[in-house]
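The values are calculated or read from the model by the stated rules, or taken from the named source; none is laboratory data. In this text, all values refer to a predicted model and were calculated from it rather than measured experimentally. Every residue, glycine as well, gets a Cβ built from its backbone with ideal geometry; the counts of neighbours run over all protein chains shown. SASA here: full protein model, heavy atoms, side chains in, ligands and nucleic acids out. Shrake-Rupley method; radii C 1.70, N 1.55, O 1.52, S 1.80 Å.
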Amino acid sequence: RKIFDENIFMFYEDNDLSEKVGLMGLKKIILNDCIIYHQGESSSSPTPFIIALKNFHYGWSELYFTNKYHTRSVAKCKNFLSLATSVKRIIFFSITLNMKRLIPSWYRLKGKFSFIRGKKSNDIKENF
């Protein structure tokens with residue numbers, strides 16, 4: 001049996017795992033003093049492509065997660081509010097000329113619209 005959802009490409013794996021644990025009736029605990037070392041793991045340099053990629057997948061995964069764990073009507077409402085918030089942020093960052101926040105917000109919105117159009121998160125060529 002698979003633990004991780006293969007549809008979630010880069011983000012929301014922790015949310016998905018936490019939700020599954022809760023649905024199984026298991027207790028979740030917080031370890032404030034816990035340190036996890038990922039051997040061999042390195043962070044990506046924040047190039048424009050990496051910023052776009054990360055935010056696109058974050059937006060896509062947010063809507064996917066919402067649809068996966070909520071009824072259709074609740075998911076539609078939550079997804080609409082998420083889209084509205086994204087548009088509001090893009091307008092605000094455009095007006096204030098905050099490109100550092102505008103670009104990630106734009107790609108996050110692109111990911112959300114890609115999900116709504118039925119595209120898969122790992123289909124990079126069609127999404128960029």
Select from the stretch 15-31 the residues that are closer than 19 Å to SER61 by Cα and of a type in the set (Lys, Arg) and list them in ascending order.
LYS20
Inside the stretch 15-39, can you point out the residues that are in a helix (DSSP H, G or I) and exposed (fewer than 10 other Cβ atoms within 10 Å of the Cβ)?
LEU23
Using the structure shown, decide if LYS119 is open to solvent by 80 Å² or more (accessible area, probe 1.4 Å) and within 23 Å of ASN7 (Cβ to Cβ).
no
Regarding PHE80, is this residue of a type in the set (Phe, Trp, Tyr), assigned to a helix (DSSP H, G or I) and in contact with a Leu (Cβ under 6 Å, 6 or more places away or on another chain)?
no
Return the residues of the stretch 77-90 that are open to solvent by 30 Å² or more (accessible area, probe 1.4 Å) and farther than 19 Å from PHE65 by Cα; say none if nothing qualifies.
VAL87, LYS88, ARG89
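Taking PHE93, is it surrounded by 14 or more Cβ atoms within 10 Å (Cβ to Cβ) and touching a residue at least 40 places away in the same chain (Cβ under 8 Å)?
Numbers: surrounded by 14 or more Cβ atoms within 10 Å (Cβ to Cβ): yes; touching a residue at least 40 places away in the same chain (Cβ under 8 Å): no.
No, not satisfied.
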Given the conditions (1) aliphatic (A, V, I, L, M); (2) surrounded by 14 or more Cβ atoms within 10 Å (Cβ to Cβ); (3) touching a Ser or Thr at 6+ places or on another chain (Cβ under 7 Å), and given that ILE50 satisfies all but one, which numbered condition is not satisfied?
(2)
Residue that is farthest from the chain's Cα centre (by Cα) [pool: residues in the stretch 1-14 that are surrounded by 14 or more Cβ atoms within 10 Å (Cβ to Cβ) and in contact (Cβ under 8 Å) with a residue 12 or more places away in the chain]:
ASP5
